[in-house]
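Quick notes on the structure that follows.
Please treat every number below as a calculation from the coordinates, not as lab data. All values derive from a computational prediction rather than experimental measurement. Cβ placement follows ideal geometry from the backbone for every residue including glycine, while neighbour counts extend to all protein chains displayed.
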Amino acid sequence: MVVHEERIGATALLVPRGRIDSATAPALGERLGGALASSISALVLDLSGLEYISSAGFRVLLVANRQAQSSGVPLHLCCLPDKVHQLFELAGFLELFPIHAQMDEAVAAASAVKASGGRSAGGA
Amino acid sequence: MSVPAHASWWGPADSPPTALVLLSALQHIVAATTLLTYPLLVAQAAGASPATTASFISLTLLAAGAGTLLQAFRLGPVGSGYLCWPTATVLYLLPSLVAARIGGLPLVLGMTLAAALFEIALAPTMRRLRPLFPPEIAGVIVLLVGITSGAIGVRMIASAPPHSGPEAALSPIAVASFALVVMTALNVWTTGVWRIACVLAGTLAGILVSAHIGGDGGPSWPAFAGASDGPLFALPDVSHLGWSFDATLLIPFAIGGLAAAIKTSGSVVILQSACDPRWVRADMRSVGGGVLADGLSTGLSAAIGGLGLNASSVAAGLAAATGMHSRRVAVAIAMVCVLLGLFPAIGLFLTRMPAELLGATLVFSSVYLIVNGVQIVTSRMLDARRTFVVGLGLLAGLSVELVPAMVEALSPSLRTMFGTPLVFGTLTALGLNLVFRIGATRSGAFVVEPQQRDSEWIEARVNGLGAGWGARRDVIERVGFGIAQAAEVLFDNAEVDGPIDVRASFDEFNVVIRMAWQGPPLELPDRRPSAEEIIASDEGARRLAGFLLGRIADRVSCHERSGRSILTLRFDH
């Protein structure tokens, strides 16, 4: 798995590509934790390049979501491939994360939440 | 093929407005003029009088009307349940022409009756033949029907004679192109009556534009001028009724019956998949009923004095393209057939429909058939064996079309068999499928070692098995996830440190996975642990994995015996 990272204004965009399983989940957790610890106003996770996610991957996302909430940084997900979306649905995680179809939409929504001082939808 | 998500899709049991039903029926009839032209050719070959020729056509029409109802309404084992109506077919045309020249119409009727009995005898075996008709072969059949009917359409357009007189400025290709544009535009951008009747509207537009360019205020084709030839109303004369047999013709007619059964199977599969967005495999009961109805239609036609019939693949394509599958249309088609049988002048008008407009109709309906065939083929995973079955089957069928000299070198009886791309391609695919069954297994096993727990490696193994089975791609993806997820949680969260034996079996309806390891069983909770529980401990993560396994598989169980645990995952297929 590789993780591409970029900044759009004060919003961090992380794009993991490949597979998130027990072998790769810790590395993603570190990248998410690192991003949340930096001075960003929102975090968007673009999952368009994700081929596989196991329970270990879901756990990392839940941990990051809790960290994001405690530090007041909205965490939004976007561009879930059909297969990954199906797994989120089966696991009942669609309600736990704000999920968008498009990356631009996710960045705008996450930034708007921060600007309005509100909380992001969902929560662990 | 997915069911269009708009209001102009009508299922077999739906009751669309009467006007829509009549328009659809008329559209089907316009696209099926072989019902009139083929009996005409055979009667002429037999040297029949004009009155007998007219009766031969009328009786074929009446049998087609009855056959339409037999197909659409399932009566016990008879009928496919779909708008799969029969028309005169090239499969019986070639042997019938030979029979007509040798022994006149009685020999045509007798041999057609024999072919019908052969097809009827084949029908009950269709369910047992299911292993021979895996979905990729159904896809090849549908693809061949689509490609060849499209090619025939293009050829009809390209070879249509130019119209005489000053109107000749508008070539048949231009007329057909205009009609095709109208059909396609109405199909893509409209709903309701315009979409349902797009072929009829396109055909009429083609006639009108040509007439307008011609500037004579009416249809410009000379053929239309004679449309009022013949009597307006006439009861069919059955004086030609009689049946004789010739053993030398038995093989070509039996092959015609076999080919008719294969082609009917293809048409029924087209309609099954067009009517059900969740279609995954052929319903062989419906296919068998369709073949039985097809044989009975031909038998009835031969019994009352008409030509052999076969479920029209063009009609199946038309229904798929327009989304009109209502059985009420079958009733209307049957009524129109009876009407045409009793009013020869109307039928005569239809036989003079310009070839380029019939070609445009064929091209239009072939588009949906081609896409439908591709979708059926690609719905399954294909290993090397299945790749050759599909590729060589298609190529064999297309060779008949592309290299006609190959067919011309054959004897007349073999030419009847191999002379059509559909039959040759299908028989090639069926033969290869039989050969490749040698050594093919429906089960598999592998071991996941703790140091080789990579989910990608596991999925690759499962994909290899799925391709060998010709399993559905979506189901195999779930199987791969299930095994990888189970292995991950066993090694990471359940303190399993020995190998996991994985055994997989497949029987077309189920994929069953059994994973066995030395250690405690895996908990499979019905309720997902909360986010807090998952984050807080390994126990939460283990329960999440168990919950996911229960959701990804259709049935799951885990038990322990003598310290060895077995996890069983069952997936519906």
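Structure data summary
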| item | result |
| --- | --- |
| Scope the range A:40-63; condition away from every other protein chain (no Cβ under 13 Å) and over 21 Å from A:A112 (Cα atoms); matching residues | A:S48, A:G49 |
| Of all residues making up the range B:499-542, the number that are among the small types (G, A, S), free of Cβ contacts under 8 Å to residues at least 12 places away in the same chain and either more than 12 Å from every other protein chain (Cβ to nearest Cβ) or over 19 Å from B:A484 (Cα atoms) (or both) | 4 |
| B:T87 vs. criteria assigned to a helix (DSSP H, G or I) and either hydroxyl-bearing (S, T, Y) or under 21 Å from the mean Cα position of the chain (by Cα) (or both) | no |
| Subset of the range B:418-452 that is part of a loop (DSSP other than H, G, I, E, B) and among the aliphatic types (A, V, I, L, M) - its residue that is surrounded by the fewest Cβ atoms within 10 Å (Cβ to Cβ) | B:I438 |
| Candidates B:R415, B:R461, B:R478, filtered to the one that is outside any strand (DSSP E or B), among the basic types (K, R) and within 14 Å of another protein chain (Cβ to nearest Cβ) | B:R478 |
| Residues of the range A:1-27 satisfying the condition of being within 14 Å of chain B (Cβ to nearest Cβ), surrounded by 21 or more Cβ atoms within 10 Å (Cβ to Cβ) and not small (G, A, S) | A:I20, A:D21, A:T24 |
| Filtered residue count, the range B:396-417, keeping only those that are within 21 Å of B:L143 (Cα to Cα), surrounded by 14 or more Cβ atoms within 10 Å (Cβ to Cβ) and of a type in the set (A, V, I, L, M) | 5 |
| Among the candidates B:F491, B:F506, residue that is over 20 Å from A:F88 (Cβ atoms), buried (at least 23 other Cβ atoms within 10 Å of the Cβ) and among the aromatic types (F, W, Y) | B:F506 |
| Output for the range B:516-535, where each listed residue is buried (at least 23 other Cβ atoms within 10 Å of the Cβ) and assigned to a strand (DSSP E or B) | B:W517 |
| Positions within the range A:64-112 being loosely packed, with under 15 Cβ neighbours inside 10 Å, away from chain B (no Cβ under 14 Å) and under 29 Å from B:G550 (Cβ atoms), in sequence order | A:A101 |
| Residue among B:R380, B:R473 that alone is within 30 Å of B:I500 (Cα to Cα), in contact with a Lys or Arg (Cβ under 9 Å, 6 or more places away or on another chain) and either buried (at least 19 other Cβ atoms within 10 Å of the Cβ) or free of Cβ contacts under 8 Å to residues at least 12 places away in the same chain (or both) | B:R380 |
| Some residue of the range A:21-30 being touching a residue at least 40 places away in the same chain (Cβ under 8 Å) and either part of a loop (DSSP other than H, G, I, E, B) or not hydrophobic (A, V, I, L, M, F, W, C) (or both) | no |
